[in-house]
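Structure record follows, encoded as C-alpha coordinates.
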Amino acid sequence: MNTYQKELIKATIPILRESGEDLTHYFYARMFTAQPELRNMFNMGNQANGRQKSALANAVLAYAENIEDPSVLIGVLKGIGTKHRSLNIQPEHYKIVGTHLIASIGEVVGEAATPEILDAWTVAFYQLAQIMIDLEKRLYEENAAKPGSWNGWRKFVIKKIVPESSEIKSFYLYPEDGKEIADFQAGQFISVQVFVPELDLLQPRQYSLSSAFNPEYYRISVKKESGLAPNPSGLVSNTLHAKAEGDVISISAPAGLFHLEKDSQNPLVLISGGVGLTPMLSMLETNLMSFQNKKTIWIHGCRNESVHAFKNQLTEIKKEAKHLETFIFYDTIETDDETSNQIIKGRVDLHKCKEAILLEEAKFYICGPEMFIKTQYETLLSLNVNQENIFYEEFGPQLINLN
(Lines give C-alpha, C1' and ligand atoms only; values in the text may rest on other atoms or scores of the structure.)
Protein backbone atom coordinates (compact mmCIF):
# COMPACT_ATOMS: atom_id res chain seq x y z
CA MET A 1 0.00 0.00 0.00
CA ASN A 2 1.59 3.28 -1.09
CA THR A 3 1.61 6.63 0.71
CA TYR A 4 -1.05 8.17 -1.55
CA GLN A 5 -3.43 5.29 -0.90
CA LYS A 6 -2.91 5.61 2.85
CA GLU A 7 -3.77 9.31 2.64
CA LEU A 8 -6.96 8.45 0.75
CA ILE A 9 -7.92 5.96 3.46
CA LYS A 10 -7.31 8.57 6.17
CA ALA A 11 -9.45 11.04 4.23
CA THR A 12 -12.44 8.72 4.68
CA ILE A 13 -12.17 8.70 8.49
CA PRO A 14 -14.74 11.53 9.00
CA ILE A 15 -17.24 9.62 6.84
CA LEU A 16 -16.65 6.43 8.80
CA ARG A 17 -17.13 8.25 12.10
CA GLU A 18 -20.40 9.79 10.94
CA SER A 19 -21.88 7.01 8.83
CA GLY A 20 -19.95 3.84 9.68
CA GLU A 21 -22.94 1.98 11.09
CA ASP A 22 -25.10 2.94 8.09
CA LEU A 23 -22.38 1.45 5.90
CA THR A 24 -22.08 -1.80 7.84
CA HIS A 25 -25.87 -2.19 8.07
CA TYR A 26 -26.07 -1.86 4.29
CA PHE A 27 -23.11 -4.20 3.84
CA TYR A 28 -24.65 -7.06 5.85
CA ALA A 29 -28.01 -6.71 4.08
CA ARG A 30 -26.24 -6.75 0.70
CA MET A 31 -24.07 -9.75 1.55
CA PHE A 32 -26.89 -11.85 3.02
CA THR A 33 -29.08 -11.13 -0.01
CA ALA A 34 -26.36 -12.30 -2.36
CA GLN A 35 -25.08 -15.15 -0.14
CA PRO A 36 -28.04 -16.28 2.03
CA GLU A 37 -26.17 -19.42 3.13
CA LEU A 38 -23.86 -17.21 5.22
CA ARG A 39 -26.75 -16.56 7.59
CA ASN A 40 -25.97 -20.03 8.99
CA MET A 41 -22.50 -18.81 10.01
CA PHE A 42 -23.42 -15.45 11.53
CA ASN A 43 -25.13 -14.80 14.85
CA MET A 44 -28.46 -13.42 13.63
CA GLY A 45 -29.26 -12.23 17.15
CA ASN A 46 -26.34 -9.80 16.94
CA GLN A 47 -27.54 -8.81 13.48
CA ALA A 48 -30.98 -8.00 14.88
CA ASN A 49 -29.78 -6.07 17.93
CA GLY A 50 -27.18 -4.11 15.97
CA ARG A 51 -24.14 -5.24 17.95
CA GLN A 52 -22.49 -6.86 14.93
CA LYS A 53 -22.80 -3.81 12.69
CA SER A 54 -21.45 -1.63 15.52
CA ALA A 55 -18.50 -3.96 16.06
CA LEU A 56 -17.65 -3.99 12.35
CA ALA A 57 -18.03 -0.22 12.05
CA ASN A 58 -15.65 0.24 15.00
CA ALA A 59 -13.17 -2.21 13.47
CA VAL A 60 -13.19 -0.51 10.05
CA LEU A 61 -12.73 2.90 11.68
CA ALA A 62 -9.88 1.65 13.89
CA TYR A 63 -8.15 0.17 10.85
CA ALA A 64 -8.45 3.46 8.94
CA GLU A 65 -7.15 5.43 11.92
CA ASN A 66 -4.14 3.12 12.23
CA ILE A 67 -3.49 2.53 8.53
CA GLU A 68 0.10 3.77 8.93
CA ASP A 69 0.83 0.97 11.41
CA PRO A 70 -1.90 -1.71 11.65
CA SER A 71 0.37 -3.75 13.95
CA VAL A 72 -0.91 -1.71 16.92
CA LEU A 73 -4.22 -3.53 16.44
CA ILE A 74 -2.71 -6.99 16.73
CA GLY A 75 -4.24 -7.62 20.16
CA VAL A 76 -7.74 -6.89 18.85
CA LEU A 77 -7.09 -8.85 15.65
CA LYS A 78 -5.92 -11.86 17.64
CA GLY A 79 -9.17 -11.83 19.58
CA ILE A 80 -11.18 -11.68 16.34
CA GLY A 81 -9.03 -14.44 14.81
CA THR A 82 -9.58 -16.66 17.84
CA LYS A 83 -13.34 -16.23 17.44
CA HIS A 84 -13.04 -16.91 13.70
CA ARG A 85 -11.13 -20.14 14.36
CA SER A 86 -13.91 -21.30 16.66
CA LEU A 87 -16.45 -20.57 13.90
CA ASN A 88 -14.40 -22.28 11.18
CA ILE A 89 -13.95 -19.11 9.11
CA GLN A 90 -11.88 -19.87 6.01
CA PRO A 91 -9.80 -17.70 3.61
CA GLU A 92 -12.50 -17.80 0.91
CA HIS A 93 -14.90 -16.02 3.26
CA TYR A 94 -12.66 -12.94 3.22
CA LYS A 95 -13.07 -12.63 -0.54
CA ILE A 96 -16.85 -12.65 -0.16
CA VAL A 97 -16.71 -10.02 2.59
CA GLY A 98 -14.27 -7.89 0.61
CA THR A 99 -16.41 -7.93 -2.52
CA HIS A 100 -19.51 -6.74 -0.68
CA LEU A 101 -17.73 -4.29 1.63
CA ILE A 102 -16.02 -2.42 -1.20
CA ALA A 103 -19.23 -2.39 -3.23
CA SER A 104 -21.11 -1.10 -0.19
CA ILE A 105 -18.65 1.78 0.26
CA GLY A 106 -19.29 2.84 -3.31
CA GLU A 107 -23.06 2.50 -3.06
CA VAL A 108 -23.47 4.17 0.36
CA VAL A 109 -20.90 6.95 0.05
CA GLY A 110 -21.87 7.74 -3.54
CA GLU A 111 -19.92 10.24 -5.64
CA ALA A 112 -17.47 10.92 -2.82
CA ALA A 113 -16.23 7.35 -3.21
CA THR A 114 -14.03 8.02 -6.21
CA PRO A 115 -12.39 5.16 -8.13
CA GLU A 116 -9.10 6.04 -6.42
CA ILE A 117 -10.69 5.78 -2.97
CA LEU A 118 -12.34 2.46 -3.82
CA ASP A 119 -9.01 1.16 -5.16
CA ALA A 120 -7.27 2.29 -1.97
CA TRP A 121 -9.87 0.56 0.22
CA THR A 122 -9.60 -2.59 -1.89
CA VAL A 123 -5.84 -2.70 -1.27
CA ALA A 124 -6.36 -1.87 2.40
CA PHE A 125 -9.00 -4.54 2.93
CA TYR A 126 -7.00 -7.32 1.30
CA GLN A 127 -3.92 -6.27 3.23
CA LEU A 128 -5.94 -6.68 6.44
CA ALA A 129 -7.50 -9.90 5.15
CA GLN A 130 -4.06 -11.39 4.57
CA ILE A 131 -3.00 -10.45 8.10
CA MET A 132 -6.09 -12.25 9.41
CA ILE A 133 -5.68 -15.27 7.13
CA ASP A 134 -2.06 -15.72 8.21
CA LEU A 135 -2.94 -15.27 11.87
CA GLU A 136 -5.83 -17.74 11.67
CA LYS A 137 -3.72 -20.26 9.76
CA ARG A 138 -1.37 -20.37 12.74
CA LEU A 139 -4.32 -20.72 15.12
CA TYR A 140 -5.74 -23.64 13.12
CA GLU A 141 -2.31 -25.32 13.04
CA GLU A 142 -1.74 -24.82 16.78
CA ASN A 143 -5.21 -26.12 17.56
CA ALA A 144 -4.82 -29.20 15.33
CA ALA A 145 -1.57 -30.07 17.09
CA LYS A 146 -3.23 -30.32 20.52
CA PRO A 147 -4.07 -33.87 21.71
CA GLY A 148 -7.78 -34.55 21.31
CA SER A 149 -8.46 -31.33 19.41
CA TRP A 150 -10.10 -30.74 16.04
CA ASN A 151 -10.85 -27.93 13.60
CA GLY A 152 -14.40 -27.24 12.43
CA TRP A 153 -17.44 -28.83 14.05
CA ARG A 154 -17.65 -32.08 16.01
CA LYS A 155 -20.76 -33.83 17.34
CA PHE A 156 -21.29 -34.12 21.10
CA VAL A 157 -24.05 -35.85 23.05
CA ILE A 158 -25.86 -34.02 25.85
CA LYS A 159 -25.67 -36.75 28.49
CA LYS A 160 -26.76 -34.68 31.47
CA ILE A 161 -28.76 -31.47 32.00
CA VAL A 162 -28.75 -29.86 35.45
CA PRO A 163 -30.83 -26.81 36.47
CA GLU A 164 -28.54 -24.39 38.31
CA SER A 165 -31.07 -21.59 38.94
CA SER A 166 -34.49 -20.49 37.72
CA GLU A 167 -32.96 -19.48 34.36
CA ILE A 168 -29.60 -21.29 33.98
CA LYS A 169 -29.04 -24.93 33.02
CA SER A 170 -25.75 -26.82 32.78
CA PHE A 171 -25.19 -29.13 29.81
CA TYR A 172 -22.66 -31.96 30.05
CA LEU A 173 -21.33 -32.65 26.55
CA TYR A 174 -19.65 -35.96 25.68
CA PRO A 175 -17.98 -36.66 22.29
CA GLU A 176 -20.28 -38.78 20.13
CA ASP A 177 -17.28 -40.61 18.66
CA GLY A 178 -16.00 -41.53 22.14
CA LYS A 179 -12.53 -40.24 21.30
CA GLU A 180 -10.23 -37.97 23.31
CA ILE A 181 -11.17 -34.32 23.82
CA ALA A 182 -8.84 -31.35 24.06
CA ASP A 183 -7.77 -29.75 27.31
CA PHE A 184 -8.53 -26.05 27.81
CA GLN A 185 -7.46 -23.12 29.95
CA ALA A 186 -9.86 -21.97 32.65
CA GLY A 187 -11.93 -19.08 31.27
CA GLN A 188 -12.06 -20.24 27.65
CA PHE A 189 -15.19 -20.94 25.59
CA ILE A 190 -16.55 -23.28 22.97
CA SER A 191 -18.77 -22.42 20.01
CA VAL A 192 -22.04 -24.33 19.82
CA GLN A 193 -23.99 -24.86 16.60
CA VAL A 194 -27.70 -25.77 16.70
CA PHE A 195 -30.58 -25.68 14.24
CA VAL A 196 -33.13 -23.02 15.16
CA PRO A 197 -36.55 -23.88 13.65
CA GLU A 198 -37.90 -20.34 14.08
CA LEU A 199 -35.17 -19.05 11.76
CA ASP A 200 -34.82 -22.21 9.65
CA LEU A 201 -31.08 -21.73 10.12
CA LEU A 202 -28.09 -23.25 11.85
CA GLN A 203 -26.90 -20.78 14.45
CA PRO A 204 -23.56 -20.52 16.29
CA ARG A 205 -23.09 -19.13 19.77
CA GLN A 206 -20.15 -18.97 22.16
CA TYR A 207 -20.50 -20.27 25.71
CA SER A 208 -17.82 -20.24 28.40
CA LEU A 209 -16.77 -23.59 29.78
CA SER A 210 -18.08 -23.58 33.34
CA SER A 211 -15.97 -26.26 35.04
CA ALA A 212 -12.36 -27.29 35.40
CA PHE A 213 -11.22 -29.60 32.64
CA ASN A 214 -12.58 -33.14 32.80
CA PRO A 215 -11.20 -35.57 30.16
CA GLU A 216 -14.65 -37.10 29.62
CA TYR A 217 -16.85 -34.06 28.91
CA TYR A 218 -17.22 -30.32 28.52
CA ARG A 219 -19.72 -28.39 30.61
CA ILE A 220 -21.45 -25.18 29.59
CA SER A 221 -24.04 -23.35 31.68
CA VAL A 222 -26.58 -21.41 29.64
CA LYS A 223 -28.99 -18.66 30.68
CA LYS A 224 -32.37 -18.81 28.95
CA GLU A 225 -32.63 -15.38 27.39
CA SER A 226 -35.97 -13.69 26.90
CA GLY A 227 -35.63 -12.39 23.32
CA LEU A 228 -37.91 -14.35 20.97
CA ALA A 229 -39.10 -13.79 17.39
CA PRO A 230 -39.03 -11.41 15.66
CA ASN A 231 -35.85 -10.68 17.67
CA PRO A 232 -33.62 -13.78 17.48
CA SER A 233 -31.37 -12.76 20.38
CA GLY A 234 -32.61 -15.48 22.73
CA LEU A 235 -33.48 -18.20 20.24
CA VAL A 236 -30.33 -20.31 20.66
CA SER A 237 -30.48 -20.32 24.45
CA ASN A 238 -34.19 -21.20 24.24
CA THR A 239 -33.39 -23.95 21.74
CA LEU A 240 -30.76 -25.36 24.08
CA HIS A 241 -33.07 -25.21 27.09
CA ALA A 242 -35.59 -27.26 25.09
CA LYS A 243 -33.02 -30.00 24.45
CA ALA A 244 -33.25 -33.36 26.21
CA GLU A 245 -30.58 -35.69 27.50
CA GLY A 246 -29.40 -37.79 24.57
CA ASP A 247 -29.74 -35.02 22.00
CA VAL A 248 -26.70 -34.23 19.82
CA ILE A 249 -25.24 -30.81 19.05
CA SER A 250 -22.09 -29.66 17.23
CA ILE A 251 -19.31 -27.76 18.95
CA SER A 252 -15.88 -26.39 18.08
CA ALA A 253 -12.71 -26.94 20.09
CA PRO A 254 -12.05 -24.67 23.10
CA ALA A 255 -10.74 -21.19 22.32
CA GLY A 256 -10.35 -17.76 23.86
CA LEU A 257 -7.81 -15.27 25.16
CA PHE A 258 -9.59 -14.68 28.48
CA HIS A 259 -8.16 -17.28 30.82
CA LEU A 260 -6.00 -17.85 33.87
CA GLU A 261 -2.29 -17.44 33.35
CA LYS A 262 -0.77 -20.89 33.55
CA ASP A 263 1.30 -21.54 36.69
CA SER A 264 0.76 -17.97 37.92
CA GLN A 265 1.15 -17.55 41.68
CA ASN A 266 -0.73 -14.24 41.79
CA PRO A 267 -3.80 -13.84 44.01
CA LEU A 268 -7.08 -13.88 42.06
CA VAL A 269 -10.03 -11.52 42.20
CA LEU A 270 -12.95 -12.93 40.19
CA ILE A 271 -15.71 -10.39 39.53
CA SER A 272 -18.91 -11.46 37.75
CA GLY A 273 -22.42 -10.30 37.01
CA GLY A 274 -25.28 -12.65 36.15
CA VAL A 275 -24.31 -15.52 33.85
CA GLY A 276 -20.83 -13.98 33.66
CA LEU A 277 -19.93 -16.24 36.56
CA THR A 278 -19.47 -19.24 34.20
CA PRO A 279 -15.80 -18.68 33.22
CA MET A 280 -15.09 -17.62 36.79
CA LEU A 281 -16.38 -20.95 38.09
CA SER A 282 -13.99 -22.73 35.74
CA MET A 283 -11.17 -20.60 37.15
CA LEU A 284 -12.25 -21.24 40.73
CA GLU A 285 -12.47 -25.03 40.25
CA THR A 286 -9.15 -25.12 38.40
CA ASN A 287 -7.46 -23.19 41.20
CA LEU A 288 -9.03 -25.53 43.77
CA MET A 289 -7.71 -28.59 41.93
CA SER A 290 -4.18 -27.19 41.67
CA PHE A 291 -1.61 -27.32 44.42
CA GLN A 292 -1.24 -23.55 44.38
CA ASN A 293 -4.45 -22.59 46.22
CA LYS A 294 -3.83 -18.92 45.55
CA LYS A 295 -5.69 -16.40 47.68
CA THR A 296 -8.95 -15.91 45.79
CA ILE A 297 -11.71 -13.32 46.17
CA TRP A 298 -15.05 -14.26 44.56
CA ILE A 299 -17.36 -11.31 43.88
CA HIS A 300 -20.69 -11.96 42.20
CA GLY A 301 -23.84 -9.95 41.61
CA CYS A 302 -27.28 -10.99 40.35
CA ARG A 303 -30.91 -9.95 40.71
CA ASN A 304 -31.92 -12.24 43.57
CA GLU A 305 -31.48 -15.67 45.12
CA SER A 306 -33.68 -17.49 42.58
CA VAL A 307 -31.38 -16.57 39.67
CA HIS A 308 -28.15 -17.15 41.62
CA ALA A 309 -26.58 -20.16 39.90
CA PHE A 310 -24.13 -22.50 41.68
CA LYS A 311 -24.72 -20.91 45.10
CA ASN A 312 -24.78 -24.31 46.85
CA GLN A 313 -21.66 -25.44 45.02
CA LEU A 314 -19.89 -22.24 46.01
CA THR A 315 -20.85 -22.85 49.64
CA GLU A 316 -19.32 -26.34 49.49
CA ILE A 317 -16.15 -25.05 47.82
CA LYS A 318 -15.81 -22.38 50.48
CA LYS A 319 -15.92 -25.02 53.23
CA GLU A 320 -12.96 -26.78 51.64
CA ALA A 321 -10.99 -23.81 50.33
CA LYS A 322 -9.54 -21.76 53.16
CA HIS A 323 -7.93 -19.44 50.63
CA LEU A 324 -11.36 -18.35 49.29
CA GLU A 325 -13.30 -15.27 50.40
CA THR A 326 -16.70 -14.40 48.87
CA PHE A 327 -18.84 -11.29 48.44
CA ILE A 328 -22.34 -11.81 46.98
CA PHE A 329 -24.57 -8.92 45.92
CA TYR A 330 -28.33 -9.22 45.26
CA ASP A 331 -30.38 -6.40 43.76
CA THR A 332 -33.27 -7.50 45.97
CA ILE A 333 -33.29 -9.65 49.12
CA GLU A 334 -36.40 -11.47 50.25
CA THR A 335 -35.25 -11.80 53.88
CA ASP A 336 -34.33 -8.97 56.21
CA ASP A 337 -31.38 -10.92 57.58
CA GLU A 338 -28.56 -9.99 55.19
CA THR A 339 -25.71 -10.74 57.59
CA SER A 340 -26.45 -14.40 58.30
CA ASN A 341 -26.79 -15.11 54.58
CA GLN A 342 -23.59 -13.20 53.82
CA ILE A 343 -25.42 -11.24 51.14
CA ILE A 344 -24.95 -7.56 50.37
CA LYS A 345 -27.98 -5.70 49.07
CA GLY A 346 -27.54 -3.73 45.86
CA ARG A 347 -25.39 -3.81 42.74
CA VAL A 348 -21.78 -4.95 42.90
CA ASP A 349 -19.78 -2.18 44.59
CA LEU A 350 -16.07 -2.91 44.87
CA HIS A 351 -15.65 -0.12 47.40
CA LYS A 352 -17.53 -2.32 49.87
CA CYS A 353 -14.83 -4.98 49.68
CA LYS A 354 -11.77 -2.93 48.74
CA GLU A 355 -9.83 -3.98 51.84
CA ALA A 356 -10.12 -7.61 50.71
CA ILE A 357 -9.36 -7.16 47.02
CA LEU A 358 -6.38 -4.80 47.09
CA LEU A 359 -3.88 -7.61 47.32
CA GLU A 360 -0.30 -7.18 46.17
CA GLU A 361 0.14 -8.32 42.53
CA ALA A 362 -3.44 -9.62 42.34
CA LYS A 363 -4.92 -10.43 38.93
CA PHE A 364 -8.47 -9.18 38.36
CA TYR A 365 -10.89 -10.96 36.01
CA ILE A 366 -14.24 -9.39 35.09
CA CYS A 367 -17.13 -10.95 33.17
CA GLY A 368 -20.71 -9.77 32.74
CA PRO A 369 -22.83 -7.30 30.75
CA GLU A 370 -21.15 -4.39 28.98
CA MET A 371 -21.99 -1.70 31.57
CA PHE A 372 -21.06 -4.06 34.41
CA ILE A 373 -17.59 -4.55 32.93
CA LYS A 374 -17.05 -0.83 32.39
CA THR A 375 -18.20 0.03 35.92
CA GLN A 376 -15.95 -2.53 37.63
CA TYR A 377 -13.00 -1.69 35.39
CA GLU A 378 -13.25 2.03 36.14
CA THR A 379 -13.68 1.34 39.86
CA LEU A 380 -10.53 -0.77 39.91
CA LEU A 381 -8.59 2.00 38.20
CA SER A 382 -9.91 4.49 40.76
CA LEU A 383 -8.58 2.14 43.47
CA ASN A 384 -5.13 2.38 41.81
CA VAL A 385 -5.12 -1.17 40.43
CA ASN A 386 -2.57 -1.55 37.64
CA GLN A 387 -4.36 -1.65 34.30
CA GLU A 388 -2.12 -4.49 33.14
CA ASN A 389 -3.54 -6.70 35.91
CA ILE A 390 -7.17 -6.30 34.79
CA PHE A 391 -8.69 -8.73 32.29
CA TYR A 392 -12.26 -8.87 31.02
CA GLU A 393 -14.50 -10.97 28.80
CA GLU A 394 -17.32 -9.38 26.83
CA PHE A 395 -19.96 -11.80 25.57
CA GLY A 396 -20.76 -11.24 21.87
CA PRO A 397 -19.03 -8.90 19.40
CA GLN A 398 -16.27 -6.82 20.95
CA LEU A 399 -17.58 -3.31 21.62
CA ILE A 400 -15.49 -2.51 24.69
CA ASN A 401 -11.87 -1.38 24.33
CA LEU A 402 -10.57 -0.49 27.78
CA ASN A 403 -6.97 -1.76 27.80
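LYS83 meets all of the listed conditions (1) in a helix (DSSP H, G or I); (2) out of contact with any strand residue (DSSP E or B) (no Cβ under 8 Å at 6 or more places or on another chain) but one, namely (2).
Among the listed residues ALA113, ALA120, ALA124, identify the single one that is in the same structural domain as GLU7 (by TED's automatic domain parsing), farther than 20 Å from SER208 by Cβ, crowded, with 17+ Cβ neighbours inside 10 Å and modelled with pLDDT under 95. Give the derivation first.
Working: ALA120 fails: modelled with pLDDT under 95; ALA124 fails: modelled with pLDDT under 95.
Sole residue among the options that is in the same structural domain as GLU7 (by TED's automatic domain parsing), farther than 20 Å from SER208 by Cβ, crowded, with 17+ Cβ neighbours inside 10 Å and modelled with pLDDT under 95: ALA113.
Scanning the stretch 338-384 for residues that are surrounded by 12 or more Cβ atoms within 10 Å (Cβ to Cβ), hydrophobic (A, V, I, L, M, F, W, C) and within 20 Å of CYS302 (Cα to Cα) returns ILE343, ILE344, VAL348, LEU350, CYS353, ILE357, PHE364, ILE366, CYS367, PHE372, ILE373, LEU380.
For the stretch 154-203, taking the residues that are within 21 Å of GLU37 (Cα to Cα) and acidic (Asp, Glu), the one that is modelled with the highest pLDDT is identified as ASP200. When LEU380 is tested against the conditions (1) out of contact with any Ser or Thr (no Cβ under 8 Å at 6 or more places or on another chain); (2) part of a loop (DSSP other than H, G, I, E, B); (3) at pLDDT 95 or above, the lone failure is (2).
Among the residues of the stretch 229-278, those that are buried (at least 19 other Cβ atoms within 10 Å of the Cβ) and within 21 Å of PRO215 (Cβ to Cβ) comprise ILE249, ILE251, SER252, ALA253, PRO254, ALA255, GLY256, HIS259, LEU260, THR278.
Just one of the listed residues (GLN193, GLN185) is in a loop (DSSP other than H, G, I, E, B), surrounded by 15 or more Cβ atoms within 10 Å (Cβ to Cβ) and of a type in the set (S, T, N, Q), and it is GLN185.
Residues in the stretch 156-180 that are β-branched (Val, Ile, Thr) and either within 22 Å of the chain's Cα centre (by Cα) or not in a strand (DSSP E or B) (or both): ILE168 alone. Does LEU23 qualify as being modelled with pLDDT of 95 or more and surrounded by fewer than 20 Cβ atoms within 10 Å (Cβ to Cβ)? No: the conditions fail for LEU23.
The values are calculated or read from the model by the stated rules, or taken from the named source; none is laboratory data. Because the structure is a prediction, the values reported are computed rather than measured. Quick reminder, even Gly has a Cβ in these numbers, built from the backbone with ideal geometry, and neighbours come from all protein chains shown.
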